[in-house]
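Participant: Handing you this structure, nothing more for now.
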Amino acid sequence: MPRVITLTEAAAARMKEIMDASDGKYIGVRIGVKNGGCAGMEYTMEYATEQNPLDEVVEDQGVKILIDPKAILFLLGTEMDYVTEKFSSGFRFNNPNETDACGCGESVTIAPATL
């Protein structure tokens, strides 16, 4: 089975910068999905202060990522990148389970991975 999520070097470097600036207040970053947006689902990211019993824990390039258990099948095989463009920068999800995205790029349609 593929890893739920992997990080590019750019994403790992940016995550480390963010975590270093938090002065140890957080144990990692929690990633999930929620219903919303014009395409149906949105990715969520938040600081994690504790690990929930059912979280999937992924450690990649020195970064600890906690995956909401409800999101595992939607994220399976996803690569997280950090992109810097002329007018914006941010994390991007390259998800093989996405079947559609809205024009503004804020929401996606994701089918659960088939195992």
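Participant: Report yes if some residue within the range 65-86 is part of a loop (DSSP other than H, G, I, E, B), surrounded by 12 or more Cβ atoms within 10 Å (Cβ to Cβ), more than 12 Å from the chain's Cα centre (by Cα) and not small (G, A, S); otherwise report no.
Facilitator: Scanning the range 65-86 turns up no residue that is part of a loop (DSSP other than H, G, I, E, B), surrounded by 12 or more Cβ atoms within 10 Å (Cβ to Cβ), more than 12 Å from the chain's Cα centre (by Cα) and not small (G, A, S).
Participant: Which number in (1) farther than 16 Å from R92 by Cβ; (2) surrounded by 13 or more Cβ atoms within 10 Å (Cβ to Cβ) marks the one condition that I31 misses?
Facilitator: The number of the failed condition is (1).
Participant: I need the full set of residues from the range 22-53 which are closer than 16 Å to A71 by Cα, in a loop (DSSP other than H, G, I, E, B) and either in contact with a Cys (Cβ under 8 Å, 6 or more places away or on another chain) or modelled with pLDDT of 90 or more (or both), in order please. Give the derivation first.
Facilitator: First, pick out the residues of the range 22-53 that are closer than 16 Å to A71 by Cα: 29-36, 40-46, 48, 51-53.
Then keep just the ones that are in a loop (DSSP other than H, G, I, E, B); that gives 36, 40, 51-53.
Q51, N52, P53, listed by residue number.
The values are calculated or read from the model by the stated rules, or taken from the named source; none is laboratory data. All values reported here derive from a predicted model rather than from experimental measurement. Quick reminder, even Gly has a Cβ in these numbers, built from the backbone with ideal geometry, and neighbours come from all protein chains shown.
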